[in-house]
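> The structure's right below; bear with me while I get my questions together.
The values are calculated or read from the model by the stated rules, or taken from the named source; none is laboratory data. The structure presented is a predicted model; accordingly, all values stated were derived computationally and were not measured. Reconstructed Cβ throughout: ideal geometry from the backbone, glycine too, with neighbour counts over all protein chains shown. Surface areas here come from the heavy atoms of the whole protein model, side chains and all, with no ligands, DNA or RNA. Shrake-Rupley method; radii C 1.70, N 1.55, O 1.52, S 1.80 Å.
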Amino acid sequence: MILFSLSLSPVASLGQSSAAGGSGSSGGGSNAVSVQATPAQVNSGTYQGSIVKQAPVPGVLPLSLDQAIRMGLQYNLGLVLSGVNAGSAGAQRLQQLQALLPTVNASAKESVQQINLKTYGLSIPGFPSIIGPYGYTDIRGSLQWSLLNLSSLQNYLAAKHNFEGSKLSIEDAKDMVVLTVGNAYLLCIADASRVQSAQAQVNTSKVSLDQAVANHQAGTAPLLDELRARVDYQTQQQTLITAQNQYEKDKIALARAIGLPLEQSYELTDQAPFQALDNLDANAAVQQGLAHRRDLQALQQQVERAKASRSAATAERYPTVSFSGDYGVIGPTLGHSNGTFDAVGTASVPLFEEAKLRGDARDAQAQLEQKQAQLNDLQGQISADVRYSILDIQAAAKQVVVSRSNVALATEALSEAQQRYAAGVADNLAVSQAQASMAQADDQYVSSLYQHNVAKLSLARALGIAQTNYKDYVGGK
(Lines give C-alpha, C1' and ligand atoms only; values in the text may rest on other atoms or scores of the structure.)
Protein backbone atom coordinates (compact mmCIF):
# COMPACT_ATOMS: atom_id res chain seq x y z
CA MET A 1 0.00 0.00 0.00
CA ILE A 2 1.36 3.44 -0.94
CA LEU A 3 0.45 6.19 1.50
CA PHE A 4 0.98 9.81 0.49
CA SER A 5 0.17 12.52 3.00
CA LEU A 6 0.69 16.29 3.05
CA SER A 7 0.65 17.82 6.52
CA LEU A 8 0.51 21.55 7.22
CA SER A 9 0.04 21.15 10.94
CA PRO A 10 2.97 21.38 13.38
CA VAL A 11 4.77 18.07 13.70
CA ALA A 12 8.02 17.18 15.41
CA SER A 13 10.58 16.88 12.69
CA LEU A 14 13.88 15.51 13.86
CA GLY A 15 12.67 12.40 15.65
CA GLN A 16 10.24 11.41 12.98
CA SER A 17 12.51 9.30 10.80
CA SER A 18 13.42 6.94 13.59
CA ALA A 19 9.79 6.78 14.74
CA ALA A 20 8.66 5.97 11.24
CA GLY A 21 11.28 3.27 11.01
CA GLY A 22 9.74 1.50 13.98
CA SER A 23 6.16 1.83 12.80
CA GLY A 24 6.34 -1.35 10.73
CA SER A 25 6.39 -3.63 13.77
CA SER A 26 3.38 -2.02 15.38
CA GLY A 27 1.45 -2.04 12.12
CA GLY A 28 1.90 -5.80 11.74
CA GLY A 29 1.12 -6.59 15.34
CA SER A 30 -2.64 -7.16 15.09
CA ASN A 31 -3.71 -10.64 16.15
CA ALA A 32 -5.75 -12.84 13.84
CA VAL A 33 -9.41 -12.83 14.78
CA SER A 34 -11.24 -16.16 14.67
CA VAL A 35 -14.56 -15.72 12.89
CA GLN A 36 -17.18 -18.26 13.90
CA ALA A 37 -19.39 -18.92 10.91
CA THR A 38 -23.02 -19.75 11.57
CA PRO A 39 -23.65 -23.29 10.28
CA ALA A 40 -26.57 -23.87 7.96
CA GLN A 41 -29.40 -25.69 9.68
CA VAL A 42 -29.76 -29.32 8.58
CA ASN A 43 -32.71 -31.26 9.99
CA SER A 44 -35.02 -34.00 8.82
CA GLY A 45 -37.34 -31.49 7.15
CA THR A 46 -34.45 -30.03 5.17
CA TYR A 47 -34.12 -33.30 3.26
CA GLN A 48 -37.57 -32.75 1.77
CA GLY A 49 -36.20 -29.84 -0.30
CA SER A 50 -33.65 -29.46 -3.06
CA ILE A 51 -32.00 -27.06 -5.45
CA VAL A 52 -33.21 -27.13 -9.04
CA LYS A 53 -30.47 -26.74 -11.64
CA GLN A 54 -31.89 -28.55 -14.64
CA ALA A 55 -34.48 -27.49 -17.16
CA PRO A 56 -37.51 -29.66 -17.92
CA VAL A 57 -37.30 -31.87 -20.98
CA PRO A 58 -40.13 -32.41 -23.47
CA GLY A 59 -42.40 -35.38 -22.98
CA VAL A 60 -42.66 -37.76 -20.06
CA LEU A 61 -39.42 -38.54 -18.26
CA PRO A 62 -38.99 -42.18 -17.16
CA LEU A 63 -37.65 -42.21 -13.60
CA SER A 64 -36.19 -45.28 -11.93
CA LEU A 65 -35.33 -45.62 -8.26
CA ASP A 66 -31.62 -45.51 -9.07
CA GLN A 67 -32.02 -42.31 -11.07
CA ALA A 68 -34.06 -40.71 -8.32
CA ILE A 69 -31.45 -41.52 -5.68
CA ARG A 70 -28.60 -40.29 -7.89
CA MET A 71 -30.42 -37.00 -8.42
CA GLY A 72 -31.09 -36.75 -4.69
CA LEU A 73 -27.41 -37.25 -3.92
CA GLN A 74 -26.66 -34.37 -6.24
CA TYR A 75 -29.41 -31.84 -5.57
CA ASN A 76 -31.02 -32.62 -2.19
CA LEU A 77 -30.94 -29.60 0.09
CA GLY A 78 -29.92 -31.53 3.21
CA LEU A 79 -26.79 -32.85 1.51
CA VAL A 80 -25.99 -29.46 -0.01
CA LEU A 81 -26.19 -27.77 3.40
CA SER A 82 -24.04 -30.50 4.94
CA GLY A 83 -21.39 -29.69 2.34
CA VAL A 84 -21.69 -26.00 3.17
CA ASN A 85 -21.18 -26.78 6.86
CA ALA A 86 -18.09 -28.83 6.02
CA GLY A 87 -16.70 -25.89 4.06
CA SER A 88 -17.34 -23.59 7.01
CA ALA A 89 -15.60 -26.03 9.36
CA GLY A 90 -12.64 -26.18 6.98
CA ALA A 91 -12.44 -22.39 6.98
CA GLN A 92 -12.41 -22.31 10.79
CA ARG A 93 -9.62 -24.91 10.82
CA LEU A 94 -7.50 -22.68 8.55
CA GLN A 95 -8.20 -19.68 10.77
CA GLN A 96 -7.00 -21.54 13.85
CA LEU A 97 -3.96 -22.80 11.94
CA GLN A 98 -2.93 -19.24 11.11
CA ALA A 99 -2.63 -18.51 14.84
CA LEU A 100 0.26 -21.04 14.91
CA LEU A 101 2.00 -19.79 11.76
CA PRO A 102 4.10 -16.66 11.31
CA THR A 103 2.34 -13.59 9.97
CA VAL A 104 4.36 -11.62 7.42
CA ASN A 105 3.30 -8.23 6.09
CA ALA A 106 4.91 -5.72 3.75
CA SER A 107 4.29 -2.00 3.55
CA ALA A 108 5.52 0.95 1.55
CA LYS A 109 5.08 4.52 2.76
CA GLU A 110 5.77 7.84 1.11
CA SER A 111 5.36 10.87 3.38
CA VAL A 112 5.63 14.62 2.72
CA GLN A 113 5.40 17.09 5.63
CA GLN A 114 5.68 20.79 6.37
CA ILE A 115 5.95 22.55 9.76
CA ASN A 116 4.89 26.09 10.62
CA LEU A 117 6.80 27.26 13.74
CA LYS A 118 4.35 30.08 14.40
CA THR A 119 1.74 27.53 15.43
CA TYR A 120 4.09 26.66 18.32
CA GLY A 121 4.40 30.32 19.24
CA LEU A 122 7.96 30.45 17.93
CA SER A 123 9.31 33.40 15.99
CA ILE A 124 13.09 33.41 15.61
CA PRO A 125 14.62 36.42 13.81
CA GLY A 126 16.55 35.36 10.76
CA PHE A 127 15.05 31.83 10.91
CA PRO A 128 12.29 30.88 8.52
CA SER A 129 8.96 30.22 10.16
CA ILE A 130 8.03 27.49 7.67
CA ILE A 131 10.18 24.37 7.48
CA GLY A 132 9.68 22.10 4.56
CA PRO A 133 8.17 20.60 2.74
CA TYR A 134 10.30 17.53 3.30
CA GLY A 135 9.56 13.83 3.14
CA TYR A 136 10.83 10.32 3.44
CA THR A 137 10.32 6.90 1.88
CA ASP A 138 9.87 3.78 4.02
CA ILE A 139 9.71 0.25 2.61
CA ARG A 140 9.39 -2.40 5.32
CA GLY A 141 8.56 -6.02 6.01
CA SER A 142 7.25 -7.22 9.38
CA LEU A 143 7.00 -10.61 11.05
CA GLN A 144 4.91 -11.84 13.95
CA TRP A 145 5.06 -15.39 15.29
CA SER A 146 3.54 -17.02 18.34
CA LEU A 147 6.39 -19.37 19.22
CA LEU A 148 4.72 -21.03 22.20
CA ASN A 149 0.96 -20.92 22.77
CA LEU A 150 -0.53 -24.22 23.92
CA SER A 151 -4.03 -22.79 23.99
CA SER A 152 -3.86 -21.89 20.29
CA LEU A 153 -2.50 -25.37 19.52
CA GLN A 154 -5.42 -27.04 21.28
CA ASN A 155 -7.88 -24.72 19.55
CA TYR A 156 -6.42 -25.80 16.22
CA LEU A 157 -6.80 -29.47 17.16
CA ALA A 158 -10.42 -28.78 18.16
CA ALA A 159 -11.09 -27.15 14.79
CA LYS A 160 -9.42 -30.09 13.05
CA HIS A 161 -11.70 -32.59 14.81
CA ASN A 162 -14.68 -30.41 13.95
CA PHE A 163 -13.69 -30.49 10.29
CA GLU A 164 -13.28 -34.27 10.31
CA GLY A 165 -16.67 -34.60 11.95
CA SER A 166 -18.29 -32.39 9.33
CA LYS A 167 -16.89 -34.58 6.55
CA LEU A 168 -18.37 -37.65 8.25
CA SER A 169 -21.67 -35.78 8.53
CA ILE A 170 -21.70 -35.48 4.74
CA GLU A 171 -21.52 -39.26 4.45
CA ASP A 172 -24.31 -39.61 7.00
CA ALA A 173 -26.35 -37.07 5.05
CA LYS A 174 -26.04 -39.28 1.97
CA ASP A 175 -27.70 -42.12 3.88
CA MET A 176 -30.45 -39.73 4.93
CA VAL A 177 -30.96 -38.71 1.30
CA VAL A 178 -31.27 -42.35 0.23
CA LEU A 179 -33.81 -42.96 2.99
CA THR A 180 -35.81 -39.83 2.14
CA VAL A 181 -35.81 -40.32 -1.62
CA GLY A 182 -36.37 -44.07 -1.36
CA ASN A 183 -39.31 -43.55 0.96
CA ALA A 184 -40.81 -40.93 -1.38
CA TYR A 185 -40.38 -43.25 -4.38
CA LEU A 186 -41.90 -46.22 -2.55
CA LEU A 187 -44.80 -44.04 -1.44
CA CYS A 188 -45.48 -43.08 -5.05
CA ILE A 189 -45.42 -46.77 -6.00
CA ALA A 190 -47.96 -47.49 -3.28
CA ASP A 191 -50.09 -44.56 -4.46
CA ALA A 192 -50.02 -45.88 -8.03
CA SER A 193 -51.15 -49.29 -6.77
CA ARG A 194 -53.98 -47.66 -4.85
CA VAL A 195 -55.07 -45.79 -7.97
CA GLN A 196 -55.10 -49.04 -9.94
CA SER A 197 -57.04 -50.77 -7.20
CA ALA A 198 -59.52 -47.90 -6.95
CA GLN A 199 -59.99 -47.93 -10.72
CA ALA A 200 -60.64 -51.67 -10.62
CA GLN A 201 -63.19 -51.13 -7.86
CA VAL A 202 -64.90 -48.42 -9.93
CA ASN A 203 -65.11 -50.80 -12.90
CA THR A 204 -66.51 -53.56 -10.72
CA SER A 205 -69.05 -51.20 -9.16
CA LYS A 206 -70.08 -50.03 -12.62
CA VAL A 207 -70.79 -53.62 -13.65
CA SER A 208 -72.87 -54.15 -10.52
CA LEU A 209 -74.71 -50.87 -11.12
CA ASP A 210 -75.54 -51.77 -14.73
CA GLN A 211 -76.78 -55.14 -13.59
CA ALA A 212 -78.95 -53.60 -10.84
CA VAL A 213 -80.42 -51.05 -13.28
CA ALA A 214 -81.22 -53.76 -15.79
CA ASN A 215 -82.85 -55.97 -13.15
CA HIS A 216 -84.91 -53.07 -11.82
CA GLN A 217 -86.08 -52.13 -15.30
CA ALA A 218 -86.98 -55.78 -15.93
CA GLY A 219 -88.94 -55.82 -12.70
CA THR A 220 -86.85 -58.58 -11.12
CA ALA A 221 -85.15 -56.35 -8.53
CA PRO A 222 -86.40 -53.50 -6.34
CA LEU A 223 -85.30 -49.89 -6.64
CA LEU A 224 -83.34 -50.34 -3.42
CA ASP A 225 -80.84 -52.57 -5.22
CA GLU A 226 -80.27 -49.90 -7.88
CA LEU A 227 -79.88 -47.15 -5.30
CA ARG A 228 -77.46 -49.26 -3.26
CA ALA A 229 -75.38 -50.06 -6.34
CA ARG A 230 -75.32 -46.41 -7.37
CA VAL A 231 -74.10 -45.34 -3.92
CA ASP A 232 -71.35 -47.97 -4.09
CA TYR A 233 -70.32 -46.77 -7.55
CA GLN A 234 -70.12 -43.12 -6.53
CA THR A 235 -68.27 -44.01 -3.32
CA GLN A 236 -65.64 -45.83 -5.35
CA GLN A 237 -65.40 -42.84 -7.67
CA GLN A 238 -64.66 -40.62 -4.67
CA THR A 239 -62.00 -43.07 -3.51
CA LEU A 240 -60.42 -43.01 -6.98
CA ILE A 241 -60.37 -39.19 -7.03
CA THR A 242 -58.74 -39.08 -3.61
CA ALA A 243 -56.16 -41.71 -4.59
CA GLN A 244 -55.26 -39.88 -7.80
CA ASN A 245 -54.92 -36.59 -5.97
CA GLN A 246 -52.66 -38.10 -3.32
CA TYR A 247 -50.56 -39.77 -6.03
CA GLU A 248 -49.96 -36.46 -7.80
CA LYS A 249 -49.10 -34.70 -4.53
CA ASP A 250 -46.61 -37.39 -3.55
CA LYS A 251 -45.03 -37.16 -6.99
CA ILE A 252 -44.51 -33.45 -6.36
CA ALA A 253 -42.88 -34.28 -3.01
CA LEU A 254 -40.56 -36.75 -4.74
CA ALA A 255 -39.62 -34.16 -7.37
CA ARG A 256 -38.90 -31.64 -4.60
CA ALA A 257 -36.56 -34.09 -2.86
CA ILE A 258 -34.46 -34.82 -5.97
CA GLY A 259 -34.31 -31.39 -7.62
CA LEU A 260 -36.63 -32.22 -10.52
CA PRO A 261 -38.50 -29.23 -11.96
CA LEU A 262 -42.12 -29.38 -10.85
CA GLU A 263 -43.33 -28.69 -14.37
CA GLN A 264 -41.53 -31.83 -15.58
CA SER A 265 -43.85 -34.76 -16.31
CA TYR A 266 -42.42 -38.11 -15.28
CA GLU A 267 -43.48 -41.69 -14.63
CA LEU A 268 -42.09 -44.33 -12.30
CA THR A 269 -40.42 -47.25 -14.03
CA ASP A 270 -39.64 -49.45 -11.00
CA GLN A 271 -41.85 -51.52 -8.80
CA ALA A 272 -41.03 -52.87 -5.35
CA PRO A 273 -42.29 -56.46 -5.11
CA PHE A 274 -42.31 -58.43 -1.90
CA GLN A 275 -38.88 -59.85 -1.10
CA ALA A 276 -38.57 -61.50 2.29
CA LEU A 277 -35.57 -60.59 4.43
CA ASP A 278 -35.05 -63.51 6.77
CA ASN A 279 -32.42 -64.66 9.27
CA LEU A 280 -31.88 -61.24 10.82
CA ASP A 281 -29.69 -61.31 13.93
CA ALA A 282 -30.51 -58.21 15.93
CA ASN A 283 -27.33 -58.26 18.04
CA ALA A 284 -25.06 -58.69 15.01
CA ALA A 285 -26.97 -55.97 13.16
CA VAL A 286 -26.52 -53.59 16.10
CA GLN A 287 -22.77 -54.14 16.06
CA GLN A 288 -22.74 -53.52 12.31
CA GLY A 289 -24.64 -50.29 12.83
CA LEU A 290 -22.25 -49.11 15.54
CA ALA A 291 -19.34 -49.79 13.20
CA HIS A 292 -20.77 -48.09 10.11
CA ARG A 293 -22.99 -45.22 11.23
CA ARG A 294 -21.31 -42.00 10.13
CA ASP A 295 -23.33 -39.82 12.47
CA LEU A 296 -21.89 -41.80 15.39
CA GLN A 297 -18.37 -41.34 14.05
CA ALA A 298 -19.04 -37.63 13.51
CA LEU A 299 -20.22 -37.28 17.10
CA GLN A 300 -17.10 -39.07 18.30
CA GLN A 301 -15.09 -36.40 16.50
CA GLN A 302 -17.18 -33.77 18.27
CA VAL A 303 -16.28 -35.36 21.60
CA GLU A 304 -12.60 -35.15 20.66
CA ARG A 305 -13.15 -31.54 19.68
CA ALA A 306 -14.69 -30.82 23.08
CA LYS A 307 -11.73 -32.48 24.80
CA ALA A 308 -9.32 -30.31 22.84
CA SER A 309 -11.36 -27.20 23.71
CA ARG A 310 -11.20 -28.21 27.37
CA SER A 311 -7.43 -28.54 27.12
CA ALA A 312 -7.27 -25.16 25.39
CA ALA A 313 -9.16 -23.58 28.28
CA THR A 314 -6.71 -25.12 30.75
CA ALA A 315 -3.75 -23.97 28.65
CA GLU A 316 -4.86 -20.36 28.96
CA ARG A 317 -3.04 -20.35 32.31
CA TYR A 318 0.28 -21.27 30.72
CA PRO A 319 2.92 -18.73 29.58
CA THR A 320 3.06 -17.72 25.94
CA VAL A 321 6.13 -16.72 23.98
CA SER A 322 5.97 -14.61 20.85
CA PHE A 323 8.30 -12.79 18.51
CA SER A 324 7.73 -9.70 16.43
CA GLY A 325 10.10 -7.71 14.27
CA ASP A 326 10.50 -5.72 11.14
CA TYR A 327 13.20 -4.74 8.71
CA GLY A 328 13.15 -2.02 6.08
CA VAL A 329 14.91 0.90 4.48
CA ILE A 330 14.02 4.51 5.18
CA GLY A 331 15.37 7.80 3.89
CA PRO A 332 14.59 10.93 1.89
CA THR A 333 14.62 8.80 -1.26
CA LEU A 334 15.29 5.17 -2.04
CA GLY A 335 18.72 6.12 -3.27
CA HIS A 336 19.52 7.83 0.02
CA SER A 337 18.07 5.38 2.52
CA ASN A 338 19.41 3.29 5.36
CA GLY A 339 18.34 -0.03 6.79
CA THR A 340 16.50 -0.15 10.11
CA PHE A 341 15.13 -3.11 12.03
CA ASP A 342 13.27 -3.94 15.18
CA ALA A 343 13.18 -7.31 16.99
CA VAL A 344 11.06 -7.98 20.07
CA GLY A 345 10.65 -11.20 22.02
CA THR A 346 7.74 -11.31 24.47
CA ALA A 347 6.90 -13.74 27.25
CA SER A 348 3.45 -13.31 28.77
CA VAL A 349 1.95 -14.94 31.88
CA PRO A 350 -1.65 -14.33 33.06
CA LEU A 351 -1.54 -13.12 36.66
CA PHE A 352 -5.01 -11.88 37.53
CA GLU A 353 -7.64 -13.48 35.26
CA GLU A 354 -8.92 -16.15 37.62
CA ALA A 355 -12.62 -15.48 37.00
CA LYS A 356 -12.22 -15.64 33.22
CA LEU A 357 -9.96 -18.70 33.32
CA ARG A 358 -12.32 -20.61 35.58
CA GLY A 359 -15.32 -19.58 33.52
CA ASP A 360 -13.70 -20.73 30.27
CA ALA A 361 -12.72 -24.05 31.85
CA ARG A 362 -16.18 -24.72 33.25
CA ASP A 363 -17.86 -23.82 29.99
CA ALA A 364 -15.55 -26.14 28.05
CA GLN A 365 -16.15 -28.92 30.58
CA ALA A 366 -19.90 -28.50 30.22
CA GLN A 367 -19.60 -28.75 26.45
CA LEU A 368 -17.53 -31.91 26.81
CA GLU A 369 -20.03 -33.55 29.15
CA GLN A 370 -22.87 -32.63 26.80
CA LYS A 371 -21.15 -34.25 23.80
CA GLN A 372 -20.30 -37.37 25.82
CA ALA A 373 -23.94 -37.69 26.90
CA GLN A 374 -25.11 -37.27 23.30
CA LEU A 375 -22.63 -39.90 22.16
CA ASN A 376 -23.87 -42.38 24.74
CA ASP A 377 -27.48 -41.65 23.79
CA LEU A 378 -26.79 -42.05 20.07
CA GLN A 379 -25.25 -45.47 20.65
CA GLY A 380 -28.44 -46.52 22.38
CA GLN A 381 -30.55 -44.92 19.65
CA ILE A 382 -28.70 -46.84 16.93
CA SER A 383 -29.41 -50.07 18.79
CA ALA A 384 -33.08 -49.08 19.07
CA ASP A 385 -33.27 -48.07 15.40
CA VAL A 386 -31.91 -51.43 14.27
CA ARG A 387 -34.23 -53.40 16.53
CA TYR A 388 -37.26 -51.30 15.59
CA SER A 389 -36.56 -51.85 11.89
CA ILE A 390 -36.17 -55.61 12.31
CA LEU A 391 -39.44 -55.80 14.22
CA ASP A 392 -41.17 -53.73 11.54
CA ILE A 393 -39.79 -55.98 8.81
CA GLN A 394 -41.00 -59.12 10.54
CA ALA A 395 -44.42 -57.67 11.30
CA ALA A 396 -44.88 -56.25 7.80
CA ALA A 397 -43.83 -59.55 6.20
CA LYS A 398 -46.57 -61.34 8.15
CA GLN A 399 -49.04 -58.64 7.16
CA VAL A 400 -48.14 -59.11 3.50
CA VAL A 401 -48.85 -62.84 3.71
CA VAL A 402 -52.13 -62.34 5.54
CA SER A 403 -53.32 -59.45 3.36
CA ARG A 404 -52.45 -61.37 0.18
CA SER A 405 -54.58 -64.27 1.39
CA ASN A 406 -57.29 -61.82 2.35
CA VAL A 407 -57.32 -60.37 -1.17
CA ALA A 408 -57.79 -63.82 -2.62
CA LEU A 409 -60.64 -64.58 -0.22
CA ALA A 410 -62.30 -61.20 -0.84
CA THR A 411 -62.07 -61.76 -4.59
CA GLU A 412 -63.70 -65.15 -4.27
CA ALA A 413 -66.40 -63.75 -1.99
CA LEU A 414 -67.19 -60.96 -4.44
CA SER A 415 -67.42 -63.40 -7.31
CA GLU A 416 -69.76 -65.63 -5.31
CA ALA A 417 -71.99 -62.70 -4.33
CA GLN A 418 -72.17 -61.47 -7.93
CA GLN A 419 -73.15 -64.92 -9.17
CA ARG A 420 -75.87 -65.25 -6.55
CA TYR A 421 -77.25 -61.84 -7.45
CA ALA A 422 -77.15 -62.62 -11.16
CA ALA A 423 -79.01 -65.85 -10.51
CA GLY A 424 -81.68 -63.92 -8.63
CA VAL A 425 -81.34 -65.90 -5.41
CA ALA A 426 -80.21 -62.87 -3.36
CA ASP A 427 -80.27 -59.10 -3.43
CA ASN A 428 -77.17 -57.01 -4.07
CA LEU A 429 -76.49 -56.24 -0.39
CA ALA A 430 -74.00 -59.08 -0.31
CA VAL A 431 -72.40 -57.69 -3.48
CA SER A 432 -72.06 -54.26 -1.84
CA GLN A 433 -70.51 -55.74 1.28
CA ALA A 434 -68.14 -57.91 -0.75
CA GLN A 435 -67.01 -54.91 -2.79
CA ALA A 436 -66.24 -52.97 0.41
CA SER A 437 -64.28 -55.95 1.76
CA MET A 438 -62.42 -56.22 -1.52
CA ALA A 439 -61.44 -52.55 -1.47
CA GLN A 440 -60.26 -52.82 2.13
CA ALA A 441 -58.25 -55.97 1.39
CA ASP A 442 -56.53 -54.31 -1.58
CA ASP A 443 -55.65 -51.25 0.50
CA GLN A 444 -54.25 -53.40 3.31
CA TYR A 445 -52.13 -55.36 0.86
CA VAL A 446 -50.70 -52.20 -0.71
CA SER A 447 -50.01 -50.72 2.74
CA SER A 448 -48.27 -53.85 3.99
CA LEU A 449 -46.03 -53.98 0.91
CA TYR A 450 -45.10 -50.33 1.40
CA GLN A 451 -44.44 -50.79 5.11
CA HIS A 452 -42.29 -53.85 4.46
CA ASN A 453 -40.10 -52.10 1.87
CA VAL A 454 -39.77 -48.93 3.95
CA ALA A 455 -38.82 -51.02 7.00
CA LYS A 456 -36.05 -52.69 4.98
CA LEU A 457 -34.82 -49.32 3.74
CA SER A 458 -34.91 -48.00 7.32
CA LEU A 459 -32.82 -50.97 8.42
CA ALA A 460 -30.22 -50.14 5.78
CA ARG A 461 -30.16 -46.58 7.13
CA ALA A 462 -29.91 -47.84 10.72
CA LEU A 463 -26.94 -49.99 9.71
CA GLY A 464 -25.25 -47.03 8.00
CA ILE A 465 -25.14 -48.72 4.58
CA ALA A 466 -28.16 -47.20 2.83
CA GLN A 467 -26.08 -45.38 0.23
CA THR A 468 -24.15 -48.45 -0.90
CA ASN A 469 -26.49 -51.38 -0.21
CA TYR A 470 -30.04 -50.10 -0.58
CA LYS A 471 -30.67 -52.37 -3.57
CA ASP A 472 -30.03 -55.44 -1.42
CA TYR A 473 -32.85 -54.35 0.89
CA VAL A 474 -35.42 -52.73 -1.38
CA GLY A 475 -34.91 -54.53 -4.64
CA GLY A 476 -36.73 -53.28 -7.69
CA LYS A 477 -38.36 -54.12 -10.98
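> Once fully extended, how much extra length lies between ARG230 and HIS336, figured as 0.36 nm per residue of separation less the alpha-carbon to alpha-carbon distance?
Length gained between ARG230 and HIS336: 27.2 nm.
> Also: Provide the per-residue ³J(HN,Hα) series for region 352-365, in order, calculated from phi with Karplus coefficients 6.51, -1.76, 1.60 and θ = phi - 60°, each as a whole number of Hz, with x at glycine and proline positions.
Listing the rounded values in order: 9, 9, 4, 4, 5, 5, 5, x, 4, 5, 5, 5, 5, 5 Hz.
> Nearest 0.05, what FRET efficiency do ALA276 and ASN376 give at R0 = 56 Å with Cβ-Cβ as r?
For R0 = 56 Å, the calculated efficiency reads 0.95.
> When N counts the residues of region 73-223, how does its alpha-carbon radius of gyration compare numerically with 2.2 N^0.38 Å, as a ratio?
2.79
> Could you work out the percent of alpha carbon pairs in region 243-402 separated by over 23 Å, rounded to a whole number?
73
> Turning to a different aspect of this structure: Give me the percent of the accessible area of the chain that comes from carbon and sulfur atoms, probe 1.4 Å, all protein chains in place.
Solvent-exposed carbon and sulfur of the chain make up 56 percent of the total.
> Taking a 1.4 Å probe, which of PHE163, PHE323 shows the most accessible area, and what order do the others take after it?
Largest accessible area first, the list is PHE323, PHE163.
> Divide the volume of the convex hull of the Cα atoms of region 300-374 by its number of residues and quote the answer in cubic angstrom per residue.
137
> Using the Karplus equation 6.51 cos²θ - 1.76 cosθ + 1.60 (θ = phi - 60°), what ³J(HN,Hα) coupling, rounded to whole Hz, does each residue of region 436-452 give in order, writing x for Gly and Pro?
5, 5, 5, 4, 5, 5, 4, 5, 5, 5, 4, 5, 5, 4, 4, 5, 5
> What's the angle, to the nearest 10 degrees (0 to 90), between helix 282-292's Cα axis and the longest principal axis of the chain?
Helix 282-292 sits roughly 30 degrees off the main axis of the chain.
> Going by Cα centres, region 107-137 and region 314-345 are how many Å apart?
28
> Ranked from the most accessible area to the least, with a 1.4 Å probe and all protein chains present, what is the order of ARG317, ARG358?
Accessible-area ranking of ARG317, ARG358, largest first: ARG358, ARG317.
> Once the Cβ-Cβ distance between LEU94 and ALA291 is put in as r, and R0 is 35 Å, what FRET efficiency do you end up with, to the nearest 0.05?
Computed FRET efficiency for LEU94 and ALA291: 0.65.
> Report the calculated FRET efficiency for VAL425 and GLN54 (r = Cβ-Cβ distance, R0 = 60 Å), to the nearest 0.05.
Efficiency for this residue pair is about 0.45.
> Any idea what % of Cα-Cα pairs in region 168-311 are farther than 18 Å?
74
> In region 431-456, which residues have a backbone nitrogen under 19 Å from the label point lying 7 Å from VAL207's Cα in the Cα-to-Cβ direction?
From region 431-456, the list is 431-443.
> Then there's this: Solvent-accessible area of TYR473, probe 1.4 Å, all protein chains present, reported in Å² to the nearest ten, please.
Rounded to the nearest 10, the figure is 40 Å².
> Among DSSP beta bridges whose residues both lie in the chain, state the antiparallel percentage, nearest 5.
Roughly 80 percent of the DSSP beta bridges within the chain come out antiparallel.
> Could I get the Rg over Rh figure for region 46-98? Both from C-alpha atoms, Rh via Kirkwood, rounded to two places.
Across region 46-98, the Cα-based Rg/Rh ratio is 1.20.
> Does anyone have the angle between helix 223-258 and the longest principal axis of the chain? Alpha-carbon axes, 0 to 90°, nearest 10?
So the inclination is approximately 20 degrees.
> If you stretched the chain out fully between GLN238 and THR220, how much longer would it get, using 0.36 nm times the residue separation minus the C-alpha to C-alpha distance?
The GLN238-THR220 span can extend by a further 3.6 nm.
> Grab the Cα-Cα distance for ILE124 and ALA284, subtract it from 0.36 nm times how many residues apart they are, and report the gain in nm with one decimal.
47.6 nm
> List, largest first, the extents of the alpha carbons of the chain along their principal axes, each in whole Å.
So the three principal-axis extents are 141, 50, 37 Å.
> Moving on to the next point. For ILE139, which sequence-distant residues (separation of 5 or more, or a different chain) have an amide H within less than 5 Å of its own amide H, given hydrogens modelled in the peptide plane?
HN-HN under 5 Å from ILE139: LYS109, VAL329.
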